[in-house]
Amino acid sequence: MQIGVREAARLLTVSEKTIYRWIKDGRLPAYLINEQYRFNKAELLEWATGRKINVSPQIFEEPPDADRVTLPAVSEALEAGGIHYRVAGKDTSAVLMAIVELMRLPDEVDRTFLHQVLLARESLGSTGVGDGIAIPHVRNPIVLHVPRPTVTLCFLERPIDFGAIDGKPVSTLFTIVSPAVRAHLHILSRLVFILRDLTLRDQLARQASRDEILATVRRAEARAVTEPPAAPREAP
């Protein structure tokens, strides 16, 4: 999970100079280990998502020594998690509780604990990524003991203040649960990339049908693995 400055610059499609500037300004989460800056890949992706910084498709690449367990597509995880409409809740805690109750989880999963963990994750920083969308998830997914990754899409009955970076209320939530860190990062990175699709954004805004949304997610994910990486650039 730990990567260096060069890799971080490649994934965020900026120059290494920009990475160092962001670190100096206190804007980018980094760890100084043996006099070298290191980054957690999942944290880096979350940070970029919250600031609408496009990430390179190369973030999907698996390391050469990774085990070859088949990881699900976002569309598969979304089909497994389900799409729900008119979910009630007047604040973050109530909405997350309603979502947890709707999630397709094994009987042995403690839903109260999952709600507390999701709420604790929000206390570290909102998972609202802007434009009325949030991606609640557990920072340490391995504690959930679920058989496979799922993404549960919920449309709220009323938008709520989620502390999103753009200040807009949230009405669309993709909640991720997964049995392992690698699967979590795989789903999160692909979901972030897919949410750049303008057709999907329009469908989410008008709360389109399940079939429409799933079809668009499949098309967008197919493009994600073929889009060439962007050239490094300077950033403000």
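Among all residues of region 184-198, there is at least one that is at pLDDT 90 or above and exposed (fewer than 15 other Cβ atoms within 10 Å of the Cβ).
In this structure, Val129 does not qualify as in a loop (DSSP other than H, G, I, E, B) and of a type in the set (A, V, I, L, M). Sort out which residues of region 146-162 are modelled with pLDDT under 90 and more than 20 Å from Glu76 (Cβ to Cβ), and write them in order of number. Of everything in region 146-162, nothing turns out to be modelled with pLDDT under 90 and more than 20 Å from Glu76 (Cβ to Cβ). Look through region 17-76, keep the residues that are of a type in the set (Val, Ile, Thr) and within 17 Å of the chain's Cα centre (by Cα), and return whichever of them is modelled with the highest pLDDT. So the residue we want is Val74.
Which one is nearest to Val192 (Cα to Cα) among residues in region 2-39 that are surrounded by fewer than 17 Cβ atoms within 10 Å (Cβ to Cβ) and of a type in the set (S, T, N, Q)? Filtering region 2-39 for residues that are surrounded by fewer than 17 Cβ atoms within 10 Å (Cβ to Cβ) and of a type in the set (S, T, N, Q), the one nearest to Val192 (Cα to Cα) comes out as Gln2.
Within region 152-201, the set of residues being touching a Ser or Thr at 6+ places or on another chain (Cβ under 9 Å), part of a helix (DSSP H, G or I) and either free of Cβ contacts under 8 Å to residues at least 40 places away in the same chain or not assigned by TED's automatic domain parsing to the domain that holds Pro106 (or both) comprises Thr199, Leu200. If you check Thr112, Thr92 for being of a type in the set (S, T, N, Q) and surrounded by 17 or more Cβ atoms within 10 Å (Cβ to Cβ), only one passes: Thr92.
The values are calculated or read from the model by the stated rules, or taken from the named source; none is laboratory data. Note that the coordinates shown come from a computational prediction; the quantities given were computed from them, not determined experimentally. Here the Cβ is made from the backbone with ideal geometry for all residues, glycine too, and neighbour counts use every protein chain on show.
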